[in-house]
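Following: one structure in structure tokens, then a few remarks.
The values are calculated or read from the model by the stated rules, or taken from the named source; none is laboratory data. Since we're looking at a predicted model, the values are computed, not measured. Here the Cβ positions follow ideal geometry from the backbone for every residue, glycine too, while neighbour counts run over all protein chains shown. Protein only, heavy atoms only, side chains kept; ligands, DNA and RNA dropped before computing areas. Shrake-Rupley method; radii C 1.70, N 1.55, O 1.52, S 1.80 Å.
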Amino acid sequence: MCGIVGYVGEKQAAPILLEGLSKLEYRGYDSAGIAVFDAGRIHVVKTKGRLAALSDMIDGGASITSQMGIGHTRWATHGEPSDVNSHPHISNSGKFAVVHNGIIENYFKLKEFLENRGYNFVSQTDTEVVAHLVDFYYDGDMLSTVTKVISRLEGSYALGIISCEHPDSFIAVRKDSPLIVGLGENENFIASDIPAILSRTRDVYLLEDNEIVILKKDNVSIYDIHGEPITKEIFHVDWDVSAAEKGGYEHFMFKEMMEQPKVLKDTIHPRIQDGNVVLDDISLTAEDIASFNKISIIGCGSAYHVGCVGKYVIEKLARIPVEVELASEFRYRFPIVDDKTLVIVISQSGETADTLAALRDAKKSGARIMSIVNVVGSSIARESDDVIYTWAGPEIAVATTKAYSTQLSVIYLIALYLADKKELLSAEDKKNYIDAMLALPDCVETVIGQKETIQYLASKFYNVKDVFYIGRGVDYAASMEGSLKLKEISYVHSEAYAAGELKHGTISLIEEGTLVVALCSVDMLFEKMLSNIKEVKARGAVVWALTFEGNTAIEAEADHVLYVPRTVMEFAPSCIVPALQLFGYYVSALRGLDIDKPRNLAKSVTVE
Ligand code: M6R
């Protein structure tokens, strides 16, 4: 939820910290700050607002001299966004500064403990307790101090800590919040995510929970929770740096939408060989598959919406009962999950706190865990029995687009794989589905090629108050994603509704001029959708329908129609949702909003 960076080396730290933070702003952007070691003391600069405000205050980092420091970009949890609540937080003694991503759940008790011992708190944050605890336990050695501090902390944390008594090194630790170490030449880094350090090094350590790291310019030492040294493998990042840059586009979201045909090809094509789905990534045998009596799909937000599509597709093709659940609900529901359950966990970041916790609960109950993850080496990927990576590349915009689309494609691959292993597909059906999979990148290319038409529709509707997205079957699942895309970036109220369900209450909200986006790609339900369109139009709605090419009967009912290339019904969300992503994008642009960093949100939700 927040982004942290740290640097020690021979160069000036402040500009490097600012550059790293600029790549992490997607994780939080309500305030930013840095702390550096300078002339025997810790110097903190922080401010409410975007990173640009911090950068202006320190002349892009040029006004601060230091070869070591830590930085933070915040998504507020405890205490409103303000200068004082911004990180880094400093101990009363001025000796220690801390940046933190996560939530210290027992901070209130710790605060009382520290106040009773004379510590003064200046912020409303949970993080400030860490700065004072470090001061309280400090025994001259940062490693033993930090092991004592973390033994008192409950909750999640990635921490970077500098001390003015140790001008040549700093310390970091993680639990349930991501943290990586970047290994440079005469310089080393910490960061919440790889893009922050990618322009400086490609060699990283992916820290595990409770690993503590001490960084000097020419050495990195890693320890376990007891302070015992451990060795780790270096992970070499082989992405293209430009993948995490805007590359001439005005917004990351636009660039990422345009990348969809390519990343779909990267995700799908290597996994289809000689007319078969080949999932080398996983180790499920036909016997394993036969032993599952149900599949539980778990995710949050858009990942959950992929699961909703997955339920239709897997049940139809592989005939295995599928439950889809929001990770935050799954965790506290006492779900019935055992060794006969295949749990499919979906996450772009691989770090979403609720999803990770749900995975761990399911694993404890004996379930087999297969995850669909975008970020290589992330916690969810590491803790799963099998991982299928979406090869979407770094996704920076808060609103997911290309990751969603690639997750969908992996869900289809899994459905086909399971169906094939169960010998449920005729040769003809199998060929149709495989051909449709291979054609998906081109279908999406055609849809995004209609961007001017979608922009025109956005210009007609960007001022509407309420929008309803309706559909049946997979279209209903797709409508959830369309609705989320609109509301999260354009702040227009919208709801996704099963088209057959509207008349059971919600239709009372339809009035003159309400926009209804009707998704009509399920052939066997097409006539029923026409009736639902008639019902809302009779109450004053303006209808924009999306359907497959050739379904021209729609023109008699809908006010506006967008045709998408025909694919098999189960894969329709792949063709429809990119149009809805573009619609959300253009509405947001016309309303003059910050598309890549919508208010109140963050890309990676590492708190509950
Ligand atoms: O990283 P994850 O896929 O686990 O993230 C899950 C959701 O937070 C995410 O899909 C969110 O809903 C997006 N902002 C939607 O665009």
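Overview of values
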| item | result |
| --- | --- |
| Subset of region 97-153 (residues that are hydrophobic (A, V, I, L, M, F, W, C), surrounded by 17 or more Cβ atoms within 10 Å (Cβ to Cβ) and without any contact (Cβ under 8 Å) to a residue 60 or more places away in the chain) | 104, 110, 114, 129, 130, 131, 133, 134, 136, 149, 153 |
| Single unsatisfied condition, residue 545 versus (1) within 15 Å of residue 467 (Cβ to Cβ); (2) in contact (Cβ under 8 Å) with a residue 40 or more places away in the chain; (3) in contact with a helix residue (DSSP H, G or I) (Cβ under 8 Å, 6 or more places away or on another chain) | (2) |
| Answer residue from region 48-75, given it is among the basic types (Lys, Arg) and farther than 23 Å from residue 172 by Cα and is least open to solvent (accessible area, probe 1.4 Å) among those | 50 |
| Test: residue in region 388-398 that is among the hydrophobic types (A, V, I, L, M, F, W, C), farther than 22 Å from residue 597 by Cα and at pLDDT below 95 | yes |
| Failed item, numbered, when residue 267 is tested on (1) hydroxyl-bearing (Ser, Thr, Tyr); (2) modelled with pLDDT of 95 or more; (3) open to solvent by 10 Å² or more (accessible area, probe 1.4 Å) | (3) |
| In region 290-303, the residues that are of a type in the set (Val, Ile, Thr) and within 13 Å of the ligand (Cβ to nearest atom) | 297, 298 |
| When residues of region 179-195 are limited to those that are among the hydrophobic types (A, V, I, L, M, F, W, C) and open to solvent by 10 Å² or more (accessible area, probe 1.4 Å), the one nearest to the chain's Cα centre (by Cα) | 180 |
| Checking residue 409 against (1) at pLDDT below 95; (2) touching a Ser or Thr at 6+ places or on another chain (Cβ under 9 Å); (3) small (Gly, Ala, Ser), the condition it does not meet | (1) |
| Within region 378-388, considering residues that are within 19 Å of residue 211 (Cα to Cα) and within 14 Å of the ligand (Cβ to nearest atom), the one surrounded by the most Cβ atoms within 10 Å (Cβ to Cβ) | 379 |
| Selection within region 455-488 - in contact with a Lys or Arg (Cβ under 9 Å, 6 or more places away or on another chain) and either over 26 Å from residue 310 (Cα atoms) or within 16 Å of the ligand (Cβ to nearest atom) (or both) | 462, 463, 477 |
| Qualifying residues in region 196-246 (those that are without any contact (Cβ under 8 Å) to a residue 12 or more places away in the chain and among the hydroxyl-bearing types (Ser, Thr, Tyr)) - the one most open to solvent (accessible area, probe 1.4 Å) | 231 |
| Region 357-366, subset away from the ligand (no atom under 13 Å from the Cβ) and not charged (D, E, K, R), residue most open to solvent (accessible area, probe 1.4 Å) | 365 |
| Qualifying residues in region 536-560 (those that are surrounded by 15 or more Cβ atoms within 10 Å (Cβ to Cβ) and more than 13 Å from residue 515 (Cα to Cα)) - the one nearest to the chain's Cα centre (by Cα) | 546 |
| Residues (open to solvent by 10 Å² or more (accessible area, probe 1.4 Å), within 16 Å of the ligand (Cβ to nearest atom) and in contact (Cβ under 8 Å) with a residue 12 or more places away in the chain) located in region 304-351 | 304, 305, 308, 324, 325, 326, 328, 331, 348, 349, 351 |
| Residue within region 386-404 that is in contact with a helix residue (DSSP H, G or I) (Cβ under 6 Å, 6 or more places away or on another chain), in the same structural domain as residue 292 (by TED's automatic domain parsing) and farther than 30 Å from residue 258 by Cα present | no |
| Given (1) touching a Ser or Thr at 6+ places or on another chain (Cβ under 8 Å); (2) part of a loop (DSSP other than H, G, I, E, B), index of the condition residue 189 fails | (2) |
| Identity of the residue in region 551-608, hydroxyl-bearing (Ser, Thr, Tyr) and either modelled with pLDDT of 95 or more or outside any loop (DSSP other than H, G, I, E, B) (or both), that ends up farthest from the ligand (Cβ to nearest atom) | 552 |
| Among residues of region 271-303, those that are in contact with a Gly (Cβ under 7 Å, 6 or more places away or on another chain) and either in a loop (DSSP other than H, G, I, E, B) or open to solvent by 40 Å² or more (accessible area, probe 1.4 Å) (or both), counted | 0 |
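Residues checked against (1) in contact with a Ser or Thr (Cβ under 9 Å, 6 or more places away or on another chain); (2) more than 11 Å from the ligand (Cβ to nearest atom); (3) open to solvent by less than 30 Å² (accessible area, probe 1.4 Å):
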| residue | (1), (2), (3) |
| --- | --- |
| 355 | yes, no, yes |
| 368 | yes, yes, no |
| 371 | yes, no, yes |
| 376 | no, yes, no |
| 394 | no, yes, yes |
